[in-house]
Structures are given as C-alpha cells and as structure tokens.
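The values are calculated or read from the model by the stated rules, or taken from the named source; none is laboratory data. Please read these numbers as outputs of a predicted model, since none were measured by experiment. Glycine gets a Cβ as well: all are built from the backbone with ideal geometry, and neighbour counts include every protein chain shown. Ligands, DNA and RNA are excluded from the accessible area calculation, which covers all protein heavy atoms including side chains. Shrake-Rupley method; radii C 1.70, N 1.55, O 1.52, S 1.80 Å.
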Amino acid sequence: MTLFRQINAVFSIILLLVLGTVLGIGFIDSRHYIQNELFTKAQDTATSLSLMMSQAGGDIRAMSKMADAVVESGRIRKVVLQDPYGNTLFEKSREVKTDVPAWFVQVADLSADTAVAEVFDKWRVVGLLSVQADNTEALNYLYAFFKKILLIFLIGGALGALFIYILLRMILEPLKTVIRQAEGVLHNRFIIQRDLPSTVELKHVTMAMNQMVQRMKKGHETLSSVMAKNRELEYIDPLTKVGNRRFFMIKYDEYSNADDNRAWGVVQAVRLADVHEANKIIGFDRVDQIYRKIAQRLLQKIRNIDDASCFRVSGTEFVMLLPSLDTEQARALAHEIVKDLRELIDRDYPEVSDTLFADIAMAAYEQREPIGQVLSSVDLALNEALYQNGDAIVVAKRESALPRSKVAWRSLLEASMKEHRMEPVWEDVHALDRHKLFASLTFDIVTEEGERIPYRTYLSMLLLLDLFPKYIAYTLDYIDSLPILRNNRIAVEYPLTCLASPAPFKMLKEHIRRLEKRGIELIIEIPESDLSKIDTATLKQIAEELHREKLAFAISRFDADSDTVELLKTVRPEYVKMYVGQFTDMSDSFRDSLTPILKTLGIKLLLHGIDDEHDIHVLNRQGADYFIIRH
C-alpha cells in the first residue's frame with residue numbers, strides 16, 4: 001500500500017471514529033431526554049387526573065368517563081384505578097401502532113414508565129390511579145432523529161474523507177514529483193521541480209533530487225551529443241540522412257536476436273529503376289533531390305509502425321525494417337509507397353516520368369534468421385521486378401521453398417547435389433576497360449516445385465551441417481566436366497574452417513592440380529568474417545600454406561574495418577571483394593586511407609552489386625580495380 005493510502009486510511013478512520021462518537025453521544029442524550037419527558041408527562045397526567053377524580057365524590061362511573069377522555073386524547077396509553085385493597089375498579093387502554101422498525105425499538109429501548117397518584121373522596125382514599133404514557137410519538141421522533149444523524153454521519157464522513165484526500169494530495173505532491181523524476185531518469189526524461197514544497201523535509205528532498213537530475217541531464221546531453229556525432233559519421237547516409245547499410249546490418253542483428261515483437265517482421269526494399277537515364281535527362285542534382293524526397297516519404301509512411309526503420313543501402317536502393325508486420329500488411333504499405341512515389345515523379349519531375357520506376361520487394365524474417373537468407377530473397381524479388389515494365393511490387397516466395405528443420409535441409413542439399421538440381425550462377429569480373437578477368441561461380445538450388453534457393457540462403461546450412469566439402473567437390477566436378485569455359489580463372493568461396501581441415505584441403509589440392517592441367521586456375525575466396533575469428537599466428541600459418549601451394553586466394557565480404565586492414569599485411573590476398581554500397585558509404589577519410597594501403601600491398605579491390613556500368617569510372621577514381629555489374 002502506498003504512503004498516501006496509508007495516511008489517508010488512518011485519517012479517515014480517525015475522522016469516522018470522532019464523528020461517530022459525537023453523533024452517538026448526541027443520540028444517547030436525546031434518548032435519555034425523551035425517556036425523562038415520557039415519565040414527566042405520565043406523572044403530570046396522573047396528578048391532574050387524580051385531582052379531577054377526587055372531585056367526583058366517589059362516583060366510579062364519572063371517574064371512568066374521565067379516564068376515557070384522557071386515553072382518547074392520544075397521549076396516554078393506559079389508565080388503571082385500584083381500590084385500597086388492590087382490586088381493579090376500572091382499566092382503560094388503547095392499541096398502539098407504529099411504523100418504526102422492530103430492530104430500532106429494541107435498540108432504542110424506550111420504555112413507557114407508569115406514574116401513580118391517589119384519588120380521594122374528601123378525606124377518604126378511594127383508590128390508587130396508575131397512568132402509562134404513550135411512547136409511540138417519542139419513538140417516531142427518535143427514529144427520525146436517528147435517520148438524520150445517520151445521514152449527517154455519511155455526508156460528514158464523505159466530505160471529511162474528500163477534504164483529507166485533497167489535503168494529502170497537496171502535501172504529498174512533491175513526493176509524487178520526486179517519483180516521476182526518478183522514473184523519468186530511467187527513460188531519459190529529466191524533470192526539474194520548480195515549485196518547492198513548504199514542508200522543510202520535503203523541500204530538502206526536492207532540492208537534492210533537482211540537483212541530481214540536473215547532473216544526469218547534463219551528462220546525458222554530453223553523451224548523446226558524442227554518440228549522435230559518431231553515429232552520423234558512421235551510420236547515416238549523407239544525402240538522405242537515413243541509416244546506411246552498416247546501420248541496417250546492426251539493426252537487423254539487434255531485431256532478429258530480440259526476445260520481443262521485433263524478432264519477426266518484414267524486410268522491404270525500394271529501388272529506382274533506370275536511374276542512369278534519369279541522370280542524363282535531369283542531372284545528378286535533381287536525381288539526388290528525388291532520393292531525399294523518397295527518404296522523407298518513406299519515413300512518413302512508417303512513422304506509425306513501432307520500431308520501424310528506413311535505410312539507404314546503395315545508390316539506388318532503400319530498405320525498410322518493419323517489425324511485427326506480415327507480408328499482407330507490408331504489401332498494402334508497398335502499394336501506398338508506389339502510388340506516392342509515382343505521384344511525386346509525375347508531378348515534380350515530368351521529364352523522367354516515363355523513365356524512372358519504383359520497384360518494391362519484400363521478404364519476411366524470423367527470429368535469429370541469418371540476414372543473408374532474407375536479403376537473397378529480397379534481391380531475387382527485386383530482379384524479378386526489374387523485368388516488369390513500370391512500377392512493380394514482388395513478394396518473395398520463401399515459405400514454400402525453404403525447409404524448416406535441419407533434417408529437411410540436409411535432405412534437400414544432398415538430393416540437390418546428387419540429382420544435379422543445382423543451377424550455376426556465373427558473375428563476370430572485369431576491369432575498367434570491360435576486359436573480363438575471371439568469373440565467380442555459385443549455384444542456385446532448383447526445387448521440385450521450380451523455385452530457386454540462392455547460394456546466400458543455403459550457405460549457412462552447408463556450414464552448419466558440415467556439407468560444404470561436398471558442395472566444393474560438386475563445384476569442382478562441375479567445372480572439370482565443362483569442355484569449354486568462358487574464363488580460365490574461376491573464383492569459388494571456401495570457408496576457412498575447411499582449409500584448416502586436412503581431408504577437405506587435400507581434396508581441394510587434388511582438384512586444383514587436375515584443373516591446372518587443363519589450364520584452369522582456381523581462386524579461393526575466404527570470407528572476411530572467418531579471418532576475424534582466428535588469431536594472427538594461425539592466420540599467418542594458413543596464408544603461408546596457401547602461398548607455398550601456389551593457391552590463389554582472396555577475401556570475400558570484406559568489411560574494411562581497422563582490424564581487417566592490419567590483417568591484410570599478414571595475409572596479402574590477391575584481391576578483396578566488397579559490396580559497392582558499403583564502399584560508397586565509407587567516409588572519405590577512411591576510403592582515402594584504405595585504397596593507398598591496398599595498392600601498397602599489391603591487393604586489388606573488387607566491388608560487386610553495381611547497378612550501372614557507368615558508375616565504374618567514378619568508383620575507379622575512388623580506388624576500385626575490379627567490378628561485377630548486376631544484371
């Protein structure tokens with residue numbers, strides 16, 4: 001129970017006790033007064049009636065008539081005259097009816113006392129006269145008085161309780177403000193109590209709390225300023241002021257690993273098609289205006305969705321993280337966005353109305369689902385939307401294609417490799433002059449229903465189920481089976497854990513030697529995340545082994561943080577493979593420090609995910625060497 005309720009209860013009980021005592025005493029005094037009045041009335045009546053009867057000269061009949069008149073008056077209930085020997089000469093009485101409840105009659109205990117007086121005939125005693133007063137009127141009066149004091153008690157108690165409530169609220173209000181101050185600090189709300197209470201103790205508590213809150217507020221503002229500055233430098237897209245790709249990755253990891261409603265929802269991507277042509281028609285500056293307006297509209301659309309976020313993950317692509325939404329709700333939102341963007345382009349930029357189109361793709365995500373699986377589904381849906389003329393909305397059909405259990409995954413992966421239901425996906429790597437240098441090879445699984453599961457989706461299950469050596473064997477057997485290759489150099493991703501195992505590494509070397517006899521060189525791409533999990537000594541040992549075997553290798557999924565840059569000096573790969581959006585989202589200072597280090601070490605920079613081949617000239621000036629253009 002709160003302090004306010006405890007004090008309020010104590011004062012209310014005291015008030016009720018005092019009020020009840022006062023009213024009880026008043027009722028008891030009134031009862032005693034009425035009781036005395038009844039006896040006095042009976043005694044007066046007995047005295048006056050005996051005097052009248054004494055003048056009747058001993059005539060009993062006349063005395064009886066006098067008694068009848070007194071009884072009929074309504075104030076006397078009973079009159080009895082007895083002779084000196086106790087014999088009743090006459091008795092007069094009447095029935096009494098009252099509306100007073102029986103329980104009150106018992107509680108009031110208002111008795112009708114009997115008064116006596118002697119009747120004389122000159123000097124002779126005629127008899128003894130007994131008179132009993134009627135207490136009906138007194139009971140009615142006392143019952144009415146009881147109801148009045150009960151009403152006064154209820155009204156007085158209610159008004160008193162209300163007065164105590166208001167008074168305590170006024171006195172204890174500073175304490176409630178102190179509680180709000182403490183709770184506010186927990187939620188980064190800093191409340192200063194300006195009106196100091198008059199109570200000395202509460203005044204000191206309030207002043208101390210105000211000082212603490214002011215210090216907390218100052219410290220929080222300082223910390224927030226530093227964090228906001230760092231966040232803007234690292235995680236905010238400079239053009240649109242929404243989150244960048246790095247921030248999206250962080251947010252997705254946070255949401256997918258949460259234990260609340262954020263752990264499931266929809267990832268929705270918005271991409272402008274034919275931006276290159278729009279740049280030619282209206283210029284880069286006006287296209288940038290379009291992106292800024294798109295960002296504003298996307299933020300406006302998701303402002304009422306709890307924990308929803310918007311990011312610009314590449315030059316032409318926005319991604320929205322929509323927790324707690326299902327695909328049908330996301331589809332409805334997509335239709336609103338497409339309609340809004342179409343109106344924006346048609347109204348403000350009519351020159352590119354027939355050039356720019358908005359493509360939207362979406363895929364549901366679940367708790368602890370790898371981001372690669374979700375993004376691969378979104379990319380496939382965006383590619384499907386690209387082939388539709390005009391604005392398009394595509395929902396990734398993931399539920400029917402993806403297994404739910406490890407057993408089902410193992411069955412699907414093993415059957416796909418055994419039955420050759422894996423379709424190769426080639427990505428050509430070329431230099432600035434469009435000369436093809438080599439090709440990157442992965443496989444998409446084609447299910448019996450005809451749905452495709454891309455490499456990035458099932459990669460994590462290959463590793464989890466220890467099936468990656470079989471996948472590599474399948475890949476190398478496939479390459480070995482081709483009579484003619486478009487390129488004599490082929491890049492294949494290979495986890496570092498497999499390289500550290502003797503059997504898979506031995507198998508890899510045997511395939512490489514066999515391919516070399518055909519003039520085919522294999523490039524092993526090691527994910528950057530694998531490099532960051534081992535110590536420098538072990539990494540150096542593996543790198544020396546690869547160099548000793550003359551195996552070309554590179555680093556895929558390059559993150560370009562400071563620790564990885566230091567590892568480059570030890571590993572010295574042939575190239576590092578990075579997503580173009582991540583490269584363009586770097587700060588100029590970091591990019592200007594990264595590319596000279598790569599060139600000094602003789603390491604090429606390969607960018608993939610490029611939408612427009614005309615961008616490669618800009619990227620080349622920024623330090624990129626190799627390019628993979630998305631088709």
Check: Using a 1.4 angstrom probe with every protein chain in place, what is the largest-first accessible-area order of Lys509, Lys604?
Finding: Lys604, Lys509
Notebook entry, point to check: Along the stretch 60-73, what does the Karplus equation 6.51 cos²θ - 1.76 cosθ + 1.60 (θ = phi - 60°) give for ³J(HN,Hα), rounded to whole Hz, x for Gly and Pro?
Noted result: 5, 5, 5, 4, 4, 5, 4, 5, 4, 5, 5, 5, 5, 5
Notebook entry, point to check: What's the FRET efficiency of Asp99 with Trp123 using the Cβ-Cβ distance as r and R₀ = 56 Å, to the nearest 0.05?
Noted result: 0.70
Notebook entry, point to check: Roughly how many Å² of Met52 are accessible to a 1.4 Å probe, to the nearest 10?
Noted result: 100
Note to self: Need one number: nm distance between label points at Lys176 and Asp477, each 7 Å from Cα along Cα→Cβ, rounded to one decimal.
What the structure shows: 7.7
Next item on the list: Taking H placed 1.01 Å from N in the peptide plane, check which residues at least 5 places from Ser556 or on another chain put their amide H under 5 Å from its amide H.
Entry: Ile526, Glu528, Lys577
Note to self: Using DSSP to call loops (not H, G, I, E or B), can you name the trypsin sites (Lys or Arg not before Pro) in the stretch 234-303 whose Cβ has at most 14 other Cβ atoms within 10 angstrom?
What the structure shows: Lys241, Arg303
Check: Looking at the chain, what % of its DSSP beta bridges pair antiparallel, to the nearest 5?
Finding: 65
Next item on the list: Name the residue farthest towards the positive end of the dipole of the stretch 245-300 from the options Asn257, Ile282, Ala295, assuming +1 on Cβ of Lys and Arg, -1 on Cβ of Asp and Glu, about the Cα centre.
Entry: Ile282
Next item on the list: Give the angle, between 0 and 90 degrees and rounded to the nearest 10, that separates the Cα long axis of helix 284-301 from the longest principal axis of the Cα atoms of the chain.
Entry: 30
Next item on the list: Could you please put Asp68, Asp444 in sequence from largest to smallest accessible area, using a 1.4 Å probe?
Entry: Asp68, Asp444
Notebook entry, point to check: Roughly how much of Glu384 is accessible, in Å² to the nearest 10, using a 1.4 Å probe?
Noted result: 100
Next item on the list: Would you be so kind as to identify which of Pro174, Met461, Ala624 lies farthest towards the positive end of the dipole of the chain, taking Lys and Arg as +1 and Asp and Glu as -1 on Cβ and the Cα centre as origin?
Entry: Pro174
Next item on the list: Would you calculate the separation in nanometres between label points at Asp354 and Tyr33, each defined as 7 Å from the Cα along the Cα-to-beta-carbon direction?
Entry: 10.6
Check: Using alpha-carbon pairs under 8 Å, 6+ residues apart, how would you state the relative contact order of the chain in percent?
Finding: 8
Check: Each residue of the stretch 496-506 in turn: what ³J(HN,Hα) in whole Hz from Karplus with 6.51, -1.76, 1.60 and θ = phi - 60°, glycine and Pro shown as x?
Finding: 5, 4, 6, 5, 7, 9, x, 5, x, 5, 5
Notebook entry, point to check: What whole-number value in Å² describes the accessible area per residue of the chain for a 1.4 Å probe?
Noted result: 53
Note to self: Through the Karplus equation 6.51 cos²θ - 1.76 cosθ + 1.60, θ set to phi - 60°, convert the phi angles of the stretch 164-169 into ³J(HN,Hα) values in whole Hz; use x for Gly and Pro.
What the structure shows: 5, 4, 5, 5, 5, 4
Check: Which value, in Å² and to the nearest 10, is the accessible area of Phe146 when all protein chains are kept and the probe is 1.4 Å?
Finding: 50
Check: Which entry is the computed Kirkwood radius over Cα pairs in Å for this structure: (1) 27.9; (2) 33.9; (3) 25.9?
Finding: (2)
Check: Using 0.36 nm per residue, how much length does the chain from Ile60 to Phe153 gain when fully extended, once their Cα-Cα distance is taken away?
Finding: 28.1 nm
Check: Which of the aspartates and glutamates could a cross-linker span from Lys406 if the Cα-Cα distance has to be under 13 Å and same-chain partners fewer than 8 positions apart are dropped?
Finding: Glu414, Asp466
Next item on the list: Classify the stretch 430-514 as rounded, prolate or oblate, taking a ≥ b ≥ c as the square roots of the eigenvalues of its Cα gyration tensor: rounded when a/c is under 1.5, otherwise prolate if a/b is larger than b/c and oblate if not.
Entry: oblate
Notebook entry, point to check: If you rank Arg331, Arg368 by how much accessible surface each has, with a 1.4 Å probe, what is the order from largest down?
Noted result: Arg368, Arg331
Check: In nm, what is the difference between 0.36 nm times the number of residues separating Lys569 and Glu414 and their Cα-Cα distance?
Finding: 51.9 nm
Note to self: Can you give the FRET efficiency to the nearest 0.05 for Ile166 and Leu196, using r as the Cβ-Cβ distance and R₀ = 30 Å?
What the structure shows: 0.90
Check: If the chain between Arg347 and Leu464 were fully stretched, how many nm would it gain, using 0.36 nm times the residue separation less the Cα-Cα distance?
Finding: 37.0 nm
Next item on the list: Pull up all non-local amide H partners of Asp444: gap of 5 or more, or a different chain, and H-to-H distance under 5 Å with H placed in the peptide plane.
Entry: Glu423, Val425
Next item on the list: Treat every Asp and Glu Cβ in the chain as -1 and every Lys and Arg Cβ as +1, leave all other atoms uncharged, and give the resulting dipole magnitude about the Cα centre to the nearest 20 debye.
Entry: 1280
Notebook entry, point to check: What is the spin-label model distance, in nm, from Asn257 to Lys280 if the labels are put 7 Å beyond Cα along the C-beta direction?
Noted result: 4.6
Next item on the list: Report in % the part of the accessible area of the chain that belongs to carbon and sulfur, leaving out ligands and nucleic acids; probe 1.4 Å.
Entry: 55
